[in-house]
Every structure is written in structure tokens, then in C-alpha cells.
């Protein structure tokens, strides 16, 4: 990881506000979350995290691109997605399990904001709409990455709905 490019508070708020996940947050909640994130940057070919790693943060891409890959049973890699500006990556490990389901690598110089599990959960705790959006996003992402992963995330979504149902 390189020294981060400084992003203004306003830029971070705008980046977070662009995510469906945070659409139900108030301006104050977005500003509070923006004040807690870290800005990170990576050179091309930097592996940010690997499949199986513990996940403690998710990332919102500000500039550049990352690719998400997974190893097939025979060990060969398959690209699941390329994510650029405004994309959210790495959130699945924060909800469904502690482990990363894919490897994330920078394709070009990339800057992102890192949101810790603790800060994300604190925001979701008081916002049922955000929890519902998170559950929907988890389900959609799971459907895109395959049936085996989908089963685990469907279970996590069910648990989240039970815990946060009000």
C-alpha cells in the first residue's frame, strides 16, 4: 500500500452518498462515516487481499480499477468482476463470514476509502433501511459469484434480517 492521496471530506461524503447501500443515511450520518474512513492507494498489480484472508474492511473505489478473482477447483483463476470509480468491494467478508471469497488486485493506480467492519456495523445498527439494502446487495453479489457462495450469504442475510427486524 502506498501513502494515500488525500481526499477531501466532501469528496468522501460524495463517494459514500453515491452508494445504494447508504442511500437511507442522513447527511449527518454520511458525514460521520466519512470522518472515520481511511484513504488508501495501490500500485498496479498490488494484491489488496487474497481469497481466504480475514476481512476487516471494505473499500469504495475513488479512482482506478481493481479486479476480483477466484480460484476454480483445478486452481486456475477466474475473473469475477472489474470494479472502478464508485464501486464497493470487500463487503461480503464483513457480513457473511470473516473470510474473503475472492482475491482483489489493483489493475491500475487506484485510490479508495476503507471502511472498517466496526464503523460499518455501527452505521447499520441504527438504520433498518440500510440493513435491508445491505441484505439485498449481499444477495445480488452472491448470485453473481455462484451457488456455493450464495448459500452461505443467504444464510447471513436471513440472520441479519432476524437480528435487525424491528
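Determine whether residue 45 is closer than 14 Å to residue 119 by Cβ and either over 14 Å from the mean Cα position of the chain (by Cα) or surrounded by fewer than 19 Cβ atoms within 10 Å (Cβ to Cβ) (or both).
It is false that residue 45 is closer than 14 Å to residue 119 by Cβ and either over 14 Å from the mean Cα position of the chain (by Cα) or surrounded by fewer than 19 Cβ atoms within 10 Å (Cβ to Cβ) (or both).
Looking at the range 48-76, which of the residues that are exposed (fewer than 14 other Cβ atoms within 10 Å of the Cβ) and free of Cβ contacts under 8 Å to residues at least 40 places away in the same chain is farthest from residue 119 (Cα to Cα)?
74
Looking only at the range 33-42, which residues are touching a residue at least 60 places away in the same chain (Cβ under 8 Å) and either touching a strand residue (DSSP E or B) at 6+ places or on another chain (Cβ under 6 Å) or surrounded by fewer than 20 Cβ atoms within 10 Å (Cβ to Cβ) (or both)?
36, 37, 38, 39, 40, 41, 42, listed by residue number.
Strands (runs of 3 or more DSSP E) wholly in the range 1-113 with at least 2 residues that are closer than 23 Å to residue 124 by Cβ, at pLDDT 90 or above and out of contact with any helix residue (DSSP H, G or I) (no Cβ under 9 Å at 6 or more places or on another chain) - which ones?
By residue number, 38-42.
With respect to the numbered conditions (1) modelled with pLDDT of 75 or more; (2) farther than 25 Å from residue 29 by Cα; (3) loosely packed, with under 14 Cβ neighbours inside 10 Å, which one is the sole condition not fulfilled by residue 144?
Tallying (1) modelled with pLDDT of 75 or more; (2) farther than 25 Å from residue 29 by Cα; (3) loosely packed, with under 14 Cβ neighbours inside 10 Å, residue 144 fails exactly one: (1).
With respect to the numbered conditions (1) surrounded by 14 or more Cβ atoms within 10 Å (Cβ to Cβ); (2) modelled with pLDDT of 85 or more; (3) in contact with a strand residue (DSSP E or B) (Cβ under 7 Å, 6 or more places away or on another chain), which one is the sole condition not fulfilled by residue 119?
Residue 119 satisfies every listed condition except (3).
For the range 90-105, how many residues are crowded, with 22+ Cβ neighbours inside 10 Å and within 11 Å of residue 66 (Cβ to Cβ)?
3
The values are calculated or read from the model by the stated rules, or taken from the named source; none is laboratory data. Since we're looking at a predicted model, the values are computed, not measured. Note: ideal-geometry Cβ built from the backbone for every residue, glycine included; neighbour counts use all protein chains shown.
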